[in-house]
Amino acid sequence: MVRQAAGSVAVRPSVRVEGLHHCYPDGVLALRGVELEVAAGERVGIVGPNGAGKTTLLRHLNGLLHPTRGEVWIAGLRVTPAACPEVRRQVGYVFQDADDQLFCPTVYDDVAFGPSHLGLPAAEVDARVRQALAVVGLTGFEERVPQKLSAGQKRLVALAGVLSYDPSILVLDEPSAALDPRHRRRLINLLKGLDRTLIVATHDLDFVWDVCTRTVLLDAGHVHADGPTRTILGDRALLETNGLELPLRLQGGGQPDA
């Protein structure tokens, strides 16, 4: 495994994964001893080919899955079934398929679901909903039916629903999928401006290049490389060995954006 220092932060990690194995009931071993630490405020991309274990890893970070072996810690709290309510207040998870996350009759109700269940006053819930929708560019969508929105709009509503309860750690699975270029750029700028820990799993390596300062390369349930994004995503041989290609901006001899 290649490990390259991405800079040190002298704080307790927001996320710590120790010797994480996960075997599904059908016998598929999706994670094989993953070790990972993410410091508070880091923006980390998780990349790898299909079947690498990216989504499986993310689902351990808020207790949707539990380890076959190993441990996961969030803000100093070990993730166990009993700890899941507190863990999920710390970790906002945006699913790969927004339809798995949207279930209320209106956009407003979906975005309000999280803060409402924190016991906040109605005025505070309303303020959070409207702010979250403004941040993702969906002001005016409050009374729309989520199931009738485009795939990209649904994804932004799901993100707004997570932002509305203000988690300290934001976990996103394929966040740029189905977004048109305008909304993709809005999302990139939004994520770069957030002052919280960010973990993104995606096949969109250009998105990782723009958003994440550190990249972790998974393949076959193992961490194969962990280091600065420019170093990992600029290594053609490393990427090709693990079933990936250079970001589009680096293909054909083009110069990378700053």
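Take every Cα-Cα pair in the range 74-178 and report what % of them are more than 25 Å apart.
Cα-Cα pairs in the range 74-178 separated by more than 25 Å: 17 percent.
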Proximal lysines relative to LYS192, as straight alpha-carbon distance under 27 Å, when same-chain residues fewer than 8 apart are discounted: LYS54, LYS154
Largest to smallest principal axis extent of the C-alpha atoms in the chain, angstrom: 51, 46, 41
Beta bridges per DSSP with both ends in the range 111-227, % antiparallel, nearest 5: 50 percent
Could you please state, rounded to a whole Å, how far the C-alpha centre of the range 198-241 is from the C-alpha centre of the range 86-116? 27 Å
Computed for the range 99-159: size of charge dipole around the Cα centre, +1 on C-beta of each Lys and Arg, -1 on C-beta of each Asp and Glu, debye to nearest 20, value 200 debye
Give the Rg (one decimal place) followed by the Dmax (whole number) of the range 19-103, computed from C-alpha coordinates and expressed in Å. 13.1, 37
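What order do you get for 221-233, 138-150 when each peptide is scored by the mean count of other beta carbon atoms within 10 Å, highest first?
For the peptides 221-233, 138-150, the packing ranking is 221-233, 138-150.
When ARG196, ARG155 are ordered from fewest to most other Cβ atoms inside 10 Å of their Cβ, what list results?
Lowest count first: ARG196, ARG155.
Throughout, read-outs are computed from the coordinates displayed, never taken from laboratory work. All values reported here derive from a predicted model rather than from experimental measurement. Cβ sites come from the backbone with ideal geometry, for glycine too, and all protein chains shown count toward neighbours.
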